[in-house]
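Engineer: Just passing along the structure, written as structure tokens.
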Amino acid sequence: MGRFVQSVAAAYGAATVLADATLAGGPAGPAEVRVESPDALAAGVERVDLVVSFDAPARGAGWEPYLVALANRAQKVLLVFVGNAERPGGGTSPHTTALARVLWQVGRVREHAYLGLPRLVAASEVVQAPAGVLVRRTARLHAFVVDTAPRTPQARRRLRVAASA
């Protein structure tokens, strides 16, 4: 998971990364990574390039506003890891359409991938979507990369004006 976070950070030019959980395998590379508790992460106002959320839906009924608050902290990209809802016995993961609705509300979903695959299924630890049925049914995690940069020139101007005030 740590390598996937670093590859997303490199792809989007993220210099600062904020995460709501310790990243497995520990991130290595140029990005400055700070881990905060989920409550502090959602409550703060400081913006960083990349915000990483691990299993936000496990927070219970308030997971949707929590994810929106995380996205508001991300200047460039929000990376969301959730349990794979397509895996039998996937646990508390929300249905993909419920999650997609929230993710598209906060930005543009640029890519998604499956992680935590058995070695018999895939040679790589990350398989980009679209993926075959065997990958979708055996992956432990589903990751979504959401571009949170303003969508239009008008939105970018509004953001600059608000930041200078």
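Engineer: Please list 66-77, 131-142 highest first by mean number of surrounding beta-carbon atoms within 10 Å per residue.
Structural biologist: Numbers: 66-77: 20.5, 131-142: 17.2.
Listed from highest to lowest mean packing, they are 66-77, 131-142.
Engineer: If you don't mind, another one. At a Förster radius of 35 Å, what calculated FRET efficiency corresponds to the Cβ-Cβ distance of Glu46 and Ser124, to the nearest 0.05? Present the calculation step by step, with values, prior to reporting the outcome.
Structural biologist: On the way: r = 34 Å, r/R0 = 0.98.
It comes to 0.55.
Engineer: Now, a different point. Which of Trp63, Trp104 has the fewest other C-beta atoms within 10 Å, and how do the rest follow up to the most? Don't skip to the end; give the middle numbers.
Structural biologist: Numbers: Trp63 20, Trp104 11.
Ranked by crowding around the Cβ, least crowded first: Trp104, Trp63.
Engineer: Provide the gained length on full extension for the span Ala10 to Val68, in nm with one decimal, where the gain is 0.36 nm per separating residue minus the Cα-Cα distance. Display every interim value, and only then the final one.
Structural biologist: Numbers: separation 58, 0.36 × 58 = 20.88 nm, distance 2.34 nm.
Taking 0.36 nm per residue and subtracting the Cα distance, the gain is 18.5 nm.
Engineer: In nm, to one decimal, how far is the modelled label at Thr152 from the one at Thr97, with both set 7 Å along Cα→Cβ?
Structural biologist: It works out to 2.8 nm between the two label points.
Engineer: Still on this model: Simple spin-label model, 7 Å along Cα-to-Cβ: Val133 to Arg110 in nm?
Structural biologist: Those two pseudo-labels are separated by 3.3 nm.
Since every read-out is calculated from the coordinates, none of them should be taken as a lab result. Just so we're clear, the structure is a prediction, and the values are computed from it rather than from any experiment. Please note: Cβ atoms are built from the backbone with ideal geometry, for glycine as well, and neighbour counts cover all protein chains shown.
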